[in-house]
Amino acid sequence: RRRKAAAKCHLRLDLHSLLPRFAIVDTARDNDNARAREVCAGIRAGEIVLFDRAYVDFAHLFGLLVRGVFWVTRTKENLRFRVVKKRLRRPEGKILRDDEVVLTNAQTRGEYPNRLRRVTALVELDGKEVEMEFLTNNFEWSAATVADLYRCRWQIEVFFKQIKQTLQLCDFLGHSANAVRWQVWTALLLYVLLRFQAFLHGWPHSFTRLFTLLRGVVWDRFDLGGLLDFYGTAGGRWRMRAQPEQGYLPGFAPVPVG
């Protein structure tokens, strides 16, 4: 029985362009927080990092604080802390609590000796309001801003969903770890190149439509810029000659990997 390789992609997504700025593709055996330092190595003072709580490493978070980088993440369920200042006397709207806290566990307190800010808010998730706790090293933002910033982090989930569904990244062509890594890297590079071309030519439609268009003409020789400019117009000499089924190899069945 062949073992199926599992891969994990650690990604830094630019929320202005929604394009990946840095990525690590590796096997799934590593913990997320072990890669946090590498993913954040190029971040400069004044920038904001939004973490999932799987990336919480207080030694790394303190390093970001020293570098002048702001960050927002979610609290872990087993986090031990003590409230030293209440910034909010009573709930205001969807903000339930806004406190300044210090860590009480000896190890984590040694890694992060400064105060942290903990914000508890009601956040809409899948059409329902759920209570969430956030941590940040910024004490100037409003509590609502902290919650809104973390909500922006969900764009990275949208990004992964898009490349998995549109670029069919759920079906791997090989079983080895190296084959899986190559396919993930190829998908990321293809996404960036197509988004760049779409930007250059003012593509007004979705990325899914762009990929579907290219897959339909994959066996033709064409100028990509001319194709994008031609799409949606009645004039021009350019014609699609390929058939949709030519976008697949006859008799080939992808290998699904869980």
In terms of the alpha carbon gyration tensor, root eigenvalues a ≥ b ≥ c, rounded if a/c is under 1.5 and otherwise prolate when a/b exceeds b/c or oblate, the range 137-227 is oblate
With all protein chains present and a 1.4 Å probe, how do His205, His175, His16 order by accessible area, largest first? His16, His205, His175
Stretch Ser176-Arg80 to full length: gain in nm at 0.36 nm per residue minus the Cα-Cα span? 30.5 nm
Report, by chain and number, residues whose modeled amide H sits under 5 Å from the one on Phe22, excluding near sequence neighbours (fewer than 5 apart, same chain). Arg12
So for the range 1-151, taking the charge dipole from beta-carbon charges (+1 Lys/Arg, -1 Asp/Glu), which of Phe70, Phe58, Ala147 sits furthest toward the positive end? Phe58
Using modelled backbone amide H atoms (1.01 Å from N, in-plane), which distant-in-sequence or interchain residues come within less than 5 Å of Lys8's amide H? Asp26, Thr27, Ala28
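List the DSSP H helices in the chain whose Cα atoms stretch 18 Å or more along the helix axis and whose mean Kyte-Doolittle hydropathy is at least -1.0. Could you put the intermediate results ahead of the total?
On the way: long enough: 177-200 (35 Å, 1.04).
Qualifying helices, which must be both long enough and hydrophobic enough, are 177-200.
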Amide H partners (placed H, <5 Å) of Arg87, local residues excluded: Asp98, Asp99, Glu100
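In what order, largest first, do Trp203, Trp154 sit by accessible area if the probe radius is 1.4 Å?
From most exposed to least exposed: Trp154, Trp203.
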List the aspartates and glutamates whose Cα sits under 18 Å from the Cα of Lys8, skipping any in the same chain fewer than 8 residues away. Asp26, Asp30, Asp32, Glu38, Asp52, Glu157, Asp171
How high is the relative contact order of the chain? Use alpha-carbon pairs under 8 Å, at least six apart in sequence, and give a whole percent. 16 percent
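If you count only protein heavy atoms with a 1.4 Å probe, what accessible area per residue comes out for the range 39-180, rounded to a whole Å²?
Heavy-atom accessible area per residue stands at 54 Å².
How high is the FRET efficiency between Leu200 and Ile24 when r is their beta carbon distance and R₀ equals 22 Å, given to the nearest 0.05?
Details: r = 28 Å, r/R0 = 1.27.
E between Leu200 and Ile24, to the nearest 0.05, is 0.20.
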Take the solvent-accessible surface of the protein heavy atoms, probe 1.4 Å, and return the percent of it on the chain that carbon and sulfur atoms account for. 52 percent
Okay, helix-only estimate at 222 nm for the chain: each DSSP H run of n ≥ 4 adds -39500 (n - 2.57), divide by all residues, round to 500 deg cm²/dmol; what do you get? -9500 deg cm²/dmol
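Treating the beta-carbon of each Lys and Arg as +1 and of each Asp and Glu as -1, no other charges, what is the dipole magnitude of the chain about its Cα centre, to the nearest 20 debye?
Numbers: 41 positive and 27 negative charges, 98 e Å.
With Lys and Arg at +1 and Asp and Glu at -1, about 480 debye.
The values are calculated or read from the model by the stated rules, or taken from the named source; none is laboratory data. As the structure is a computational prediction, the values presented were derived from the model and not from experiment. Here Cβ is always computed from backbone atoms with ideal geometry, including for glycine, and neighbour counts include all displayed protein chains. Note: areas computed on protein heavy atoms with side chains; ligands, DNA, RNA excluded. Shrake-Rupley method; radii C 1.70, N 1.55, O 1.52, S 1.80 Å.
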